[in-house]
1. Can you pull out every residue in segment 145-171 that is under 20 Å from LYS130 (Cα atoms) and of a type outside the set (A, V, I, L, M)?
2. Does segment 105-120 hold any residues that are at negative phi and open to solvent by 10 Å² or more (accessible area, probe 1.4 Å), and which are they?
3. Assess whether ILE45 counts as being farther than 19 Å from GLU193 by Cβ, modelled with pLDDT of 95 or more and open to solvent by less than 30 Å² (accessible area, probe 1.4 Å).
4. What pairs come out if I take residues in segment 54-78 that are under 12 Å from LYS99 (Cα atoms) and pair them with residues that are of a type in the set (Ser, Thr, Tyr) and outside any loop (DSSP other than H, G, I, E, B) whose C-beta lies under 6 Å away, six or more apart or interchain?
5. Mind counting the residues in segment 1-26 that are surrounded by fewer than 16 Cβ atoms within 10 Å (Cβ to Cβ) and under 18 Å from ASN187 (Cα atoms)?
6. Suppose we filter LYS154, LYS132 for residues that are surrounded by fewer than 22 Cβ atoms within 10 Å (Cβ to Cβ) and out of contact with any strand residue (DSSP E or B) (no Cβ under 7 Å at 6 or more places or on another chain); which single one remains?
7. Need the failing condition index for ASN29 against (1) at pLDDT 95 or above; (2) over 21 Å from SER182 (Cα atoms); (3) surrounded by fewer than 19 Cβ atoms within 10 Å (Cβ to Cβ), just the number.
Amino acid sequence: MRKLVYLISPNKIDKNFCSNLKKVFAVKNVKFFQLRLKKTKQSKIIKIGKEIRKITRRYKVKLIVNDNPVVAKIIKADGCHLGQGDVSVKKAKKYLKNKIIGVTCHNSKSLAKNAIKNEVDYVAFGSFNKSKLKPNARKANLNILKWAKKNIKKPIIAIGGINNFNYKILLKSGAKYIAISSYIWDNPNLKPETAIKNFK
């Protein structure tokens, strides 16, 4: 089975999270796991991150830290994901040497071209649907994926409100990976390890 999920953490990590994460990874369709804790102190993110690092290693999942190359380096993550308002790709690359660097490009060809010029390892586009995680995110459309598939040689990630009904069209349009969070961690009907099975 090809690993096609780029899994993003929930906003809050509770005491059951690590055991749930192991069950989710055991399904074997998660390629990347992004630790994204916007409202948590750095010291706590590092503590959580070190714990998660052990799990990602065990299940051969790439650990990516959102926004923060410093934390990525401390917890020995595989890389860092940068938004447009974060530290520059050049600075992050210099600091993290040969780790994975990915960038959010919203719905913009020029941001994507710039990211490629700076030698990023993947580009992320979105939001393709309404998202609980980022309710005010800029909208993206499928044309950007079709364009990226033709013009970009790096992996393309689609993000934003992705569920078991709308993910296939994103893959068909050019995404190599689908970024998912709420459908897995905040699903009123399914446990995380059941929800993740819907992405094949």
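The values are calculated or read from the model by the stated rules, or taken from the named source; none is laboratory data. Here the structure is a predicted model, which is why all the values come from computation and not from measurement. Here Cβ is always computed from backbone atoms with ideal geometry, including for glycine, and neighbour counts include all displayed protein chains. Note: areas computed on protein heavy atoms with side chains; ligands, DNA, RNA excluded. Shrake-Rupley method; radii C 1.70, N 1.55, O 1.52, S 1.80 Å.
1. GLY160, GLY161, ASN163, ASN164, PHE165, ASN166, TYR167, LYS168
2. ASN107, SER108, LYS109, SER110, LEU111, LYS113, ASN114, ILE116, LYS117, ASN118 - these are the residues of segment 105-120 that are at negative phi and open to solvent by 10 Å² or more (accessible area, probe 1.4 Å).
3. yes
4. Close Cβ pairs satisfying both conditions: LEU63/THR56; PRO69/TYR95.
5. Of the residues in that region, 8 qualify.
6. LYS132
7. Here ASN29 clears every test but (2).
For (1) of a type in the set (A, V, I, L, M); (2) surrounded by fewer than 19 Cβ atoms within 10 Å (Cβ to Cβ); (3) over 19 Å from VAL103 (Cα atoms), each residue gets a yes or a no:
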| residue | (1), (2), (3) |
| --- | --- |
| TYR122 | no, no, no |
| ASN136 | no, yes, no |
| LEU142 | yes, yes, no |
| LYS146 | no, yes, no |
| ILE162 | yes, no, no |
| LYS168 | no, yes, yes |
| TYR183 | no, no, yes |
| ASN189 | no, yes, yes |
| THR194 | no, yes, yes |
